[in-house]
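To start, the structure itself, in structure tokens.
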Amino acid sequence: MIDMIEGLHIVETKKFHDERGYFFESFNLKKFQEQIGENVEFVQDNISVSAKNVLRGLHFQAPPFAQGKLVSVVKGSALDVAVDLRKNSPTYGAYLSVLLSAENGRQFWIPAGFAHGFLALEDDTMFSYKCTQYYHPQSEQSLRWDDPQLAIAWGIEQPIISAKDAECALFANFVTPFQ
């Protein structure tokens, strides 16, 4: 893992608490674009709900259908991971992991050119994705969650994964479509 990778951004939100509960602004396009330094357009929102120890990923879509994702956890908590797949990046093959939870309210911006995955740390973890490109099944690709070359510190040996995620490519055999 690395401390930070160019292009990735952790977005902190501020909660306002009172006797009724709390309020926070979950998304502000102007503030978001100022923080990341580029204009983005989100075209699709997705929600997944996972049991504790479910691992989803490492997924991405190849160009021209590559997606940027702004991810957050609405309920529960997750270890979120982005792997740099940009061939000309000095951090190619490196990853960054971030703890996202309903409690901390953090969001994680993952631009196109990264593989993405997460591990649900609680039952009924509700994960939200804002995507810059529509889902395009023909361009979807995946890498193994337990790839020895990536050596991601998930903190679990036997997560619950889909049959599809069990059959992913190894990074050593991967030819990146991203410059």
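Since every read-out is calculated from the coordinates, none of them should be taken as a lab result. Please read all numbers here as calculations on a predicted model, not as lab measurements. Reconstructed Cβ throughout: ideal geometry from the backbone, glycine too, with neighbour counts over all protein chains shown.
For this structure, a couple of remarks:
- The Rg/Rh ratio for the range 10-79, using Cα coordinates for both the radius of gyration and the Kirkwood hydrodynamic radius, is 1.00.
- Range of Cα positions in the chain per principal axis (Å), largest first: 54, 37, 31
- For the residue pairs LYS14/LYS87; LYS31/LYS52; LYS75/LYS164, the alpha carbons lie more than 29 Å apart in LYS14/LYS87; LYS31/LYS52.
- Rounded, prolate or oblate (a/c below 1.5 giving rounded, otherwise prolate when a/b exceeds b/c) for the range 118-179 by Cα gyration tensor: oblate
- Kirkwood-based Rg to Rh ratio, the range 42-81, C-alpha trace: 0.97
- As a rough guide to protection, the peptides 147-154, 60-67 ranked by mean Cβ packing within 10 Å, highest first, stand as 60-67, 147-154.
- In this simple spin-label model, placing a label point 7 Å from the Cα along the Cα-to-Cβ direction at both GLN141 and TRP154 gives a separation of 2.1 nm.
- Take the Cβ atoms of GLN44 and LYS164, set R0 to 25 Å, and the FRET efficiency comes out at 0.80.
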